[in-house]
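What follows draws every value from the coordinates through simple rules; no lab data is involved. Because the structure is a prediction, the values reported are computed rather than measured. Neighbour counts run over all protein chains shown; Cβ positions are idealised from the backbone, glycine included.
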Amino acid sequence: MRSSSKIVWWKCKKGHEWESKVYQRICCPYCTNRKVCIDNCLATLNPEIAEEWDSTKNGELTPYDVIQNSSERVWWKCIKGHEWATKVYRRTQGTGCPYCSKRKI
């Protein structure tokens, strides 16, 4: 059975569900931050950073669609109206607006 290529549904201890082949028997893709869900998204884990999400420039993509350590480059807009693009994980590592911090002119 362990070498079966049959696709089955799995459920982790936190209740996340996903499909995978039996022989792959991987850990939960949500708990390991390989797939986004409400438990690991930027909006849930870092709401203060998610407030600076530029919804106009990011189109349909929202803070609920990315994990907090995502390497996806998105647009941000600070409270003073400055706009810039950087990777999500850079924001969660503490980088803020490059204009307010005088790193960019």
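Extending 7 Å from the Cα toward the beta-carbon at both Glu83 and Asn69 defines two label points whose distance is 3.1 nm.
Across the chain, the fraction of Cα-Cα pairs farther apart than 21 Å, rounded to a whole number, is 45%. Return the distance in nm (one decimal) between the two label points of a simple spin-label model at Glu60 and Ser20, each offset 7 Å from Cα along Cα→Cβ. Computed distance between label sites Glu60 and Ser20 equals 2.8 nm. Helices in the chain, meaning DSSP H runs of at least 4 residues, each add -39500 (n - 2.57). Divided by all residues, the mean residue ellipticity at 222 nm is -2000 deg cm²/dmol. With loop membership from DSSP and a limit of 14 other Cβ atoms within 10 Å, the longest segment of the chain without GluC sites (Glu not before Pro) is 1-50.
Taking other C-beta atoms within 10 Å as the exposure proxy, Thr32, Thr62 rank Thr32, Thr62 from fewest upward.
For Cα pairs less than 8 Å apart in space and 6+ apart in sequence, what is the mean separation divided by the residue count of the chain, i.e. the relative contact order in percent?
Taking the mean separation of contacting Cα pairs over the length of the chain, I get 16 percent.
A cut-off under 14 angstrom between Cβ atoms defines the neighbours of Leu45, and their net charge, with Lys, Arg +1 and Asp, Glu -1, is -3.
Separation of segment 58-85 from segment 87-103 is 11 Å, based on Cα centroids. Loop-located chymotrypsin sites (Phe, Trp or Tyr not before Pro) in segment 49-96 (DSSP state not H, G, I, E or B) with no more than 14 neighbouring Cβ atoms inside 10 Å: Tyr64.
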